[in-house]
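Student: My structure is below; once you've seen it, I'll send some questions.
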Amino acid sequence: MKFKDKIVIVTGAGRGIGQEIARAFAAEGARVALISRSEASCLAAAAEINESHPGSATAFPVDVSDHDAVQTLAKRIGEELGAVNILVNNAGITRDGLLMRMRENDWDTVLDTNLKGAFNTVKAFMRPLMKGENSSIINIASVIGLIGNAGQTNYSASKAGLIGFTKAVARELAARSVTCNAIAPGFITTDMTDQLPEAVRQSVIDKIPFARFGTPADIAQTVLFLASPAAQYITGQVIAVDGGMTM
Ligand code: NDP
C-alpha cells in the first residue's frame, strides 16, 4: 500500500491510460478522483475500480478546458476528499489533419484540452498541493511533442507546450517540494490508437525497437514511480515510455 490514503486526481480517467492510472493508485491504497468529460464513462470507470478496491474511487465529470468549472471542482474535491497530494494531467484528444486542411476549431479544441486543461487544473489544485508534503504533478505528454508528426500540428504543439509548461511549473514549485514531471508515451493500445489503419499501425511498429505497442500499465507504473518517495528529487524531466522509439 505505497499510496495509502493519498488523495490523487487523474484527468481523462474515463477509459484508456487515465483509467489504468486511477486503478493502479487505488490498488496501492490511494483515494482517487476520476475526472473526465462524459458523465457515463466517468461513473462507469469509478464503479469498476470500486468493485476491486471498494470506496477508493469517486467520479467527477468535468471538462478540463472549462476554467471556471475546474475551479469549482477543486473546491468540491477539497470539501469531499481533503488535501490533494498527486495531480495527473492525462486528459487529451486528437483532431488530426494536414495543416493545409486543418480547421481553426480543430486547433483550438486540441490546445484547449491538452494544454489549457493542464493550466486550469494546476492553477486550481496548486494551493492544496503546496500544503502537502512532497506532492507531485505528472503531465502525460507524448513522443509526438518531442519529434512532431505530419497531420498532427495541433497535437504536437499542445504536447510540446505541455512539456514547456511542466518545466516552468517545476521551477516555480520546487521551493515548496512539489515535483512536476512529464511522461512522453509512444504508441499505447487504447481507443485513441485503435482507430489507426492496419498499414499505419505496421509502419509505426517498424520504428519501435520493442516491435509492439505499449500498454496503459506501462504508463501507469511510470506515473506511480514519479509520484513515489523514490522520485522526490526528480523534477522538470520528460520520461519517454516508448519501447525505444525516440532514443
Ligand atoms: P483515450 O481517448 O482512450 O481517453 C481519453 C480520456 O480523456 C477519456 O476519458 C476522455 O473522456 C478524456 N477527455 C478528453 N477530453 C477531455 C476534457 N476536455 N475534459 C476531461 N476529460 C477529457 O486516450 P488515451 O488513454 O489513449 O490517452 C490518454 C493520454 O495519453 C492523452 O493525453 C494522450 O494524448 C496521451 N497519449 C496517448 C498515446 C496513445 O498511444 N494512446 C500516446 C501518447 C500520448 P471522454 O470519454 O468523456 O471524452
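Student: Given the residues Ser142, Ser158, Ser136, which is the only one that is away from the ligand (no atom under 14 Å from the Cβ), at pLDDT 95 or above and crowded, with 24+ Cβ neighbours inside 10 Å? Reasoning before the result, please.
Tutor: Numbers: Ser142 fails: away from the ligand (no atom under 14 Å from the Cβ); Ser158 fails: away from the ligand (no atom under 14 Å from the Cβ).
Just one listed residue meets the conditions, Ser136.
Student: If we keep just the residues of region 173-200 that are exposed (fewer than 15 other Cβ atoms within 10 Å of the Cβ) and touching a residue at least 12 places away in the same chain (Cβ under 8 Å), which is nearest to Gln19 (Cα to Cα)? Break it down stepwise before answering.
Tutor: First pass over region 173-200, keeping only residues exposed (fewer than 15 other Cβ atoms within 10 Å of the Cβ): 174-176, 191, 194-200.
When the remaining residues are screened for being touching a residue at least 12 places away in the same chain (Cβ under 8 Å), the result is 174, 176, 191.
Details: Ala174: 28, Arg176: 29, Asp191: 12 Å.
The qualifying residue nearest to Gln19 (Cα to Cα) is Asp191.
Student: Looking at region 172-181, is at least one residue outside any strand (DSSP E or B), farther than 22 Å from Asn120 by Cα and aliphatic (A, V, I, L, M)?
Tutor: Going through region 172-181, the residues outside any strand (DSSP E or B) turn out to be 172-178.
If we keep only those that are farther than 22 Å from Asn120 by Cα as well, we get none.
No, region 172-181 has no match at all.
Student: Something else: Could you tell me whether region 62-70 includes any residue that is of a type in the set (S, T, N, Q), farther than 17 Å from Ile219 by Cα and more than 8 Å from the ligand (Cβ to nearest atom)? Let's see the steps before the verdict.
Tutor: First pass over region 62-70, keeping only residues of a type in the set (S, T, N, Q): 65.
Filter once more, keeping what is farther than 17 Å from Ile219 by Cα: 65.
Okay, now just the ones that are also more than 8 Å from the ligand (Cβ to nearest atom), so none.
No, because not a single residue in region 62-70 is of a type in the set (S, T, N, Q), farther than 17 Å from Ile219 by Cα and more than 8 Å from the ligand (Cβ to nearest atom).
Student: What's the number of the only condition in (1) closer than 18 Å to Gly92 by Cα; (2) touching a residue at least 12 places away in the same chain (Cβ under 8 Å); (3) part of a helix (DSSP H, G or I) that Ile239 fails to meet?
Tutor: (3)
Student: Moving on to the next point. Read through the list (1) touching a strand residue (DSSP E or B) at 6+ places or on another chain (Cβ under 6 Å); (2) within 14 Å of the ligand (Cβ to nearest atom); (3) of a type in the set (Phe, Trp, Tyr), then give the number of the only condition that Phe119 fails.
Tutor: (1)
Student: May I pose another question? Output the qualifying pairs, or none if there are none: Cβ atoms under 7 angstrom, residues six or more apart or on different chains, first residue in region 141-164 and assigned to a helix (DSSP H, G or I), second residue within 8 Å of the ligand (Cβ to nearest atom) and basic (Lys, Arg).
Tutor: Qualifying pairs under 7 Å: Ile144/Lys159; Gly145/Lys159.
Student: Here is a list: Asn89, Asn85. Which entry is closer than 22 Å to Ser135 by Cβ and within 10 Å of the ligand (Cβ to nearest atom)? Steps first, answer last, please.
Tutor: Numbers: Asn85 fails: within 10 Å of the ligand (Cβ to nearest atom).
Among Asn89, Asn85, only Asn89 is closer than 22 Å to Ser135 by Cβ and within 10 Å of the ligand (Cβ to nearest atom).
Student: Hey, can you tell me all the residues within region 188-226 that are among the charged types (D, E, K, R), over 18 Å from the mean Cα position of the chain (by Cα) and near the ligand (Cβ under 10 Å from one of its atoms)?
Tutor: Initial filter on region 188-226 (among the charged types (D, E, K, R)): 191, 194, 198, 201, 206-207, 212, 218.
Filter again for over 18 Å from the mean Cα position of the chain (by Cα), leaving 194, 198, 201, 206-207, 212.
Across region 188-226, the qualifying residue is only Asp194.
Student: I need a count of the residues in region 1-19 that are of a type outside the set (A, V, I, L, M, F, W, C) and either touching a His at 6+ places or on another chain (Cβ under 8 Å) or surrounded by fewer than 24 Cβ atoms within 10 Å (Cβ to Cβ) (or both). Break it down stepwise before answering.
Tutor: Quick first cut of region 1-19, residues of a type outside the set (A, V, I, L, M, F, W, C) only: 2, 4-6, 11-12, 14-16, 18-19.
Pick out the ones that are also either touching a His at 6+ places or on another chain (Cβ under 8 Å) or surrounded by fewer than 24 Cβ atoms within 10 Å (Cβ to Cβ) (or both) and you get 2, 4-6, 15-16.
Residues flagged as of a type outside the set (A, V, I, L, M, F, W, C) and either touching a His at 6+ places or on another chain (Cβ under 8 Å) or surrounded by fewer than 24 Cβ atoms within 10 Å (Cβ to Cβ) (or both) within region 1-19 amount to 6.
Student: From Gly78, Gly82, which residue is of a type outside the set (Lys, Arg), in contact with a helix residue (DSSP H, G or I) (Cβ under 9 Å, 6 or more places away or on another chain), at pLDDT below 95 and surrounded by fewer than 16 Cβ atoms within 10 Å (Cβ to Cβ)? Break it down into steps so the answer makes sense when it comes.
Tutor: Numbers: Gly78 fails: surrounded by fewer than 16 Cβ atoms within 10 Å (Cβ to Cβ).
Unique residue meeting the criteria: Gly82.
Student: Among the residues of region 93-104, is any modelled with pLDDT of 95 or more and either closer than 19 Å to Pro216 by Cβ or within 17 Å of the chain's Cα centre (by Cα) (or both)? Walk me through it before giving the result.
Tutor: Step one: list which residues in region 93-104 are modelled with pLDDT of 95 or more, which gives 93-104.
From the residues that got through so far, the ones that are either closer than 19 Å to Pro216 by Cβ or within 17 Å of the chain's Cα centre (by Cα) (or both) too are 93-94.
Yes; the residues of region 93-104 include at least one that is modelled with pLDDT of 95 or more and either closer than 19 Å to Pro216 by Cβ or within 17 Å of the chain's Cα centre (by Cα) (or both).
Student: Quick check on region 94-114. Is at least one of its residues touching a residue at least 60 places away in the same chain (Cβ under 8 Å), in a helix (DSSP H, G or I) and either in contact with a helix residue (DSSP H, G or I) (Cβ under 9 Å, 6 or more places away or on another chain) or within 16 Å of the ligand (Cβ to nearest atom) (or both)?
Tutor: Scanning region 94-114, I find no residue that is touching a residue at least 60 places away in the same chain (Cβ under 8 Å), in a helix (DSSP H, G or I) and either in contact with a helix residue (DSSP H, G or I) (Cβ under 9 Å, 6 or more places away or on another chain) or within 16 Å of the ligand (Cβ to nearest atom) (or both), so the answer is no.
Student: Taking the stated definitions as given, is Ile219 within 30 Å of Ala83 (Cα to Cα), out of contact with any Lys or Arg (no Cβ under 9 Å at 6 or more places or on another chain) and part of a loop (DSSP other than H, G, I, E, B)?
Tutor: Values: within 30 Å of Ala83 (Cα to Cα): yes; out of contact with any Lys or Arg (no Cβ under 9 Å at 6 or more places or on another chain): yes; part of a loop (DSSP other than H, G, I, E, B): no.
Here the answer is no, as Ile219 does not meet what is asked.
Student: Out of the residues in region 224-236 that are touching a residue at least 24 places away in the same chain (Cβ under 8 Å) and of a type in the set (Gly, Ala, Ser), state the one that is surrounded by the most Cβ atoms within 10 Å (Cβ to Cβ).
Tutor: Ala227
The values are calculated or read from the model by the stated rules, or taken from the named source; none is laboratory data. Not measured: the values here are computed from a predicted model. Every residue, glycine as well, gets a Cβ built from its backbone with ideal geometry; the counts of neighbours run over all protein chains shown.
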